[in-house]
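The values are calculated or read from the model by the stated rules, or taken from the named source; none is laboratory data. Keep in mind it's a predicted model, so treat the numbers as computed, not measured. Glycine gets a Cβ as well: all are built from the backbone with ideal geometry, and neighbour counts include every protein chain shown. The protein model used for the area step is the full one, side chains on, heavy atoms only, and it has no ligands, DNA or RNA in it. Shrake-Rupley method; radii C 1.70, N 1.55, O 1.52, S 1.80 Å.
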Amino acid sequence: LLGSFGHDWANAEQLKPVAVRHPVMRWYARAAEQTNALRAADEIITSAPMTGAIRAFMNLAYNIYLIAHHGDGQAMADIYLRRLRSARTDDFTGALFETYAAAAFLKAGFKLVYEETARRSTSCVEFVATWPATGERFSVEVKSRVNDAAASAPTEGKKDAKRLRVGAKLVKALSKTAEHTRVVLIE
């Protein structure tokens with residue numbers, strides 16, 4: 001995954017204090033710290049429990065692999081990688097959830113064509129998923145309701161339901177041009 005992000009970018013991030021690194025590099029640092037703490041001096045192979053940091057890093061790595069090698073090709077993986085590298089938290093969070101959505105369709109056996117790789121004059125969905133057995137196509141739009149990776153989880157109460165803004169996300173998703181049956185995923 002670090003090679004996909006680019007060695008220069010990863011090395012520059014590793015020079016920063018862990019607390020201000022990009023989220024992916026914080027996951028990597030935490031995973032390395034946890035693994036090194038469990039490694040005996042003479043061991044080559046390390047066994048360690050799965051942690052949140054390790055799971056997040058490995059899931060993103062696998063999602064990028066699936067998109068690059070089983071989706072519409074490296075062009076879309078490169079678009080996601082560029083958005084994931086962004087210093088803007090909303091770019092990162094949105095792109096992260098889009099990689100999870102694309103990977104879920106790929107794991108289920110769908111073929112994907114990414115709308116973002118083709119220049120269009122109108123707004124478009126993230127990708128079109130085709131079920132190979134029937135040829136049925138779905139226009140998939142992905143929205144993330146939490147734009148800040150550091151945002152706290154909502155608590156109970158009416159004020160919190162208003163903060164979710166699911167309706168606004170759905171309206172925005174439905175305003176996109178879609179040629180096929182819509183699938184809207186809201187994180």
*In nm, what is the difference between 0.36 nm times the number of residues separating residue 12 and residue 180 and their Cα-Cα distance?*
56.2 nm
*asked:* Skipping prolines and chain starts, which residues have an amide H placed within reach, meaning under 5 Å, of the one on residue 182, given they are 5 or more residues away or on another chain?
replied: 139
*For residue 187 paired with residue 36, estimate the spin-label separation in nm (one decimal), with each label point 7 Å from Cα along the Cα-to-Cβ line.*
2.8 nm
*In what sequence, largest accessible area first, do 113, 184 appear using a 1.4 Å probe?*
113, 184
*Once phi is turned into θ = phi - 60°, what whole-Hz ³J(HN,Hα) does the Karplus curve with 6.51, -1.76 and 1.60 give for every residue of region 80-94, x standing for Gly and Pro?*
4, 4, 4, 5, 5, 6, 3, 6, 7, 4, 5, 4, 4, 4, x
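So how do 127, 105 rank on accessible area, 1.4 Å probe, biggest first, that is with the largest at the start?
Working: 127 0, 105 30 Å².
Largest to smallest exposure gives the sequence 105, 127.
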*If you plug each phi of region 4-11 into the Karplus form 6.51 cos²θ - 1.76 cosθ + 1.60 with θ = phi - 60°, what whole-Hz ³J(HN,Hα) values come out, in order, with x for Gly and Pro?*
5, 6, x, 5, 4, 5, 4, 5
*Compare 62, 114 by solvent-accessible area with a 1.4 Å probe and give them largest first, with all protein chains kept in place.*
62, 114
